[in-house]
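*Asks:* Would you mind keeping the following structure in view while I ask a few things?
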Amino acid sequence: MTNKTSIQDSWASRWIFILAATGSAVGLGNIWKFPYITGENGGGAFVLVYLTCILLVGIPIMMAEVFIGRRARKNPINALSDVAEESDSTKKWGLIGVMGMLSGVLIFSFYSVVGGWVLHYIKVMLTGEMSGISSDEAGTAFGALLADPATLLGWHTLFSIMTVVVVAAGINKGIETATRIMMPALFVLLIILLGYAMTTGGFAQGWNFMFHFDFSKLTWNAALIALGHSFFTLSLGMGTIMAYGSYMTKKASIGKTVLTIGALDTLVALVAGLAIFPIIFSNGMDPAAGPGLMFISLPVAFGQMPFGQLFGTLFFVLVGVAAWTSAISLLEPTVAFLVERLKMKRVTASIGLGVIVWGLGIACLGSFNFMADVTFFGKNTFDFLDYITANIMLPLGGILIALFAGWIVKDKFAKDELETSDTIYKLWNFSMKFTAPIAVAVVLYFLLNPIK
Ligand code: PHE
């Protein structure tokens, strides 16, 4: 292990690092996307494949990201090029970090638009506008929101400002303070909602749907979606975890820390599913409703239940908190780079980057209204950015990080950082050299050439 320190702050403890990284991992991917893709792909068997991918591909890549960041104690671009140089390789490996920064910027631009929808839904749930509403009416209400650029812009702007303020305040004062307040709140909210779902009468059905492993329902495509999602949900492949790792304390064991983060992220996704499906089933709604599951079906379901207004509001607050802590982590790698390399002040770097991603976000929210005609490869801006980042850029970044950690970094450096038993080290190294790159290459291939 090196004795370097970051020119930025360090996390106060191992647990703060765990919670901050969990805050990044737990986001719209867990609460919005995971339940709906589970619903679309038949439930249990899909969940099992997803869990396997997290364990065999996600966790080992996350270990690599943390150790590279911690070894160099710099932003992802410089961390990769320093560690490459130390292993007598070319500094060009830093280019993975450049692609990562770009992924973060592009993901933020549509993530913040969805974050804005969530803020809007906190408001409409709170004011009771959705009480007793039918599913047609809920669909119309969601459509009306998407058709209204001014409202979307307002919420997107608010969400962007909330994020920039935290990043600008720095690691300890900003991200760490936010983590200390928001993560416990998130866990408490989730437990309350789970308790509520248990009283709805659809709990057994929801449980069965998620944990009944019926392999006849599992398709090749579903397995591929599960692998792709395990990437997005753990915030891998773009340097976020690397940047957070560079602020990690020296004494923490990387293996155990990363396992805890992976377990917490998975737990939140599973509990979110267990909180959502019973509500859907007890209202006789369709679990395979797709992306609208959260913004159309759930408000209808909450609107028909006792205390639905209260719990519906709490639900969207939970999603908002989760989205916020993830959005922060999308900006951090680039801000760290601007501060460390270009010697910018953190506040200036955060605001400057904030203005850029906010501007890009306008193109994303315009996809549903004034820019609906602008398409790239047949997709509107929003869908296009979602597609190329989640399906191409993150997996590509992940493959490259795995290959780098497995083939380029010298064993002695990796062993020195990971400090684990020989068996675990060998398993990890095998995953970096073979399992993870091959699995991701297979996913990338089939995502680009879908099985008909
Ligand atoms: N992991 C976040 C989620 O599940 C998304 C994210 C991806 C955040 C990549 C940071 C980096 O919503």
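*Asks:* Could you give each residue of the range 362-371 its phi-based ³J(HN,Hα) in whole Hz, using Karplus coefficients 6.51, -1.76, 1.60 with θ = phi - 60°, and x for Gly or Pro?
*Replies:* Here the 3J(HN,Hα) series is 5, 5, 5, 6, x, 4, 9, 8, 5, 10 Hz.
*Asks:* I've got another one for you. So for each of 166-175, 368-377 I average, over its residues, the number of other beta carbons within 10 Å; can you give me the resulting order with the highest mean first? Can you show the working numbers first?
*Replies:* Working: 166-175: 20.1, 368-377: 12.6.
Packing proxy ranking, top to bottom: 166-175, 368-377.
*Asks:* Still on this structure, please answer the following. Let's see if you can work this out: charge +1 on each Lys and Arg Cβ, -1 on each Asp and Glu Cβ, no other charges. What is the dipole magnitude of the chain about its Cα centre, in debye to the nearest 20?
*Replies:* Working: 27 positive and 25 negative charges, 275 e Å.
For this selection, approximately 1320 debye.
*Asks:* Subtracting the Cα-Cα distance from 0.36 nm times the residue separation, let me have the gained length for K217 to R14 in nm, one decimal. If you can, show how the numbers build up before the last one.
*Replies:* Working: separation 203, 0.36 × 203 = 73.08 nm, distance 4.09 nm.
Stretched fully, the K217-R14 segment lengthens by 69.0 nm.
*Asks:* In the calculated pair distance distribution of the range 1-154, what percentage of Cα-Cα distances lie above 27 Å? Intermediate results must be reported in sequence, preceding the final value.
*Replies:* On the way: 5543 of 11781 pairs.
Value for the range 1-154 (Cα pairs over 27 Å): 47 percent.
*Asks:* So for the pair L102, I408, with labels modelled 7 Å out along Cα→Cβ, what separation do we get in nm?
*Replies:* 1.6 nm
*Asks:* Taking R0 as 30 Å, what FRET efficiency do you get between S89 and K426 from their Cβ-Cβ distance, rounded to the nearest 0.05?
*Replies:* Details: r = 22 Å, r/R0 = 0.73.
Efficiency for this residue pair is about 0.85.
*Asks:* Something else now. How would K92, K74, K33 rank on accessible area, largest to smallest, probe 1.4 Å? Let's see the in-between values first.
*Replies:* Working: K92 145, K74 75, K33 35 Å².
Putting K92, K74, K33 in descending order of accessible area: K92, K74, K33.
*Asks:* Which of the chymotrypsin sites (Phe, Trp or Tyr not before Pro) across the range 195-295 are loop residues per DSSP, with 15 or fewer other Cβ within 10 Å? Can you show the working numbers first?
*Replies:* Details: sites: Y196, F203, W207, F209, F211, F213, F215, W220, F231, F232, Y244, Y247, F281, F295; in loops: F213, Y247.
Here the chymotrypsin sites (Phe, Trp or Tyr not before Pro) that fit, given the DSSP loop and packing criteria, are F213.
*Asks:* Could you report the accessible area of M162 in Å², rounded to 10, computed with a 1.4 Å probe on the protein chains as they sit in the structure?
*Replies:* 50 Å²
*Asks:* Which aspartates and glutamates have a Cα less than 15 Å from the Cα of K345, not counting those fewer than 8 places away in the same chain?
*Replies:* Result set, ordered by chain and number: D9, E332.
*Asks:* Once you compute Rg and the Kirkwood Rh from C-alpha atoms, what is the Rg to Rh ratio for the range 14-448?
*Replies:* On the way: Rg = 20.9 Å, Rh = 21.8 Å.
Ratio value, two decimals: 0.96.
*Asks:* Further question on the same structure: Round to the nearest 10 and give me the degree value, 0 to 90, for the angle of helix 308-340's Cα axis relative to the longest principal axis of the chain.
*Replies:* It works out to around 20 degrees.
*Asks:* Relative contact order for the range 14-448: what is it in percent, counting Cα pairs under 8 Å that are at least 6 residues apart? Kindly include the intermediate steps, with their values, before the conclusion.
*Replies:* On the way: 688 pairs, mean separation 154.5, N = 435.
RCO, the range 14-448: 36 percent.
*Asks:* Arrange the residues I424, I392, I328 by how much accessible surface each exposes, largest first, with a 1.4 angstrom probe. Walk me through the numbers on the way to the answer.
*Replies:* Numbers: I424 85, I392 45, I328 5 Å².
Putting I424, I392, I328 in descending order of accessible area: I424, I392, I328.
The values are calculated or read from the model by the stated rules, or taken from the named source; none is laboratory data. Everything quoted here is computed from the prediction, not taken from an experiment. So basically every Cβ, Gly included, is an ideal-geometry build from the backbone, and we count neighbours across all protein chains shown. These accessible areas exclude ligands, DNA and RNA; they are computed on the full protein's heavy atoms, side chains included. Shrake-Rupley method; radii C 1.70, N 1.55, O 1.52, S 1.80 Å.
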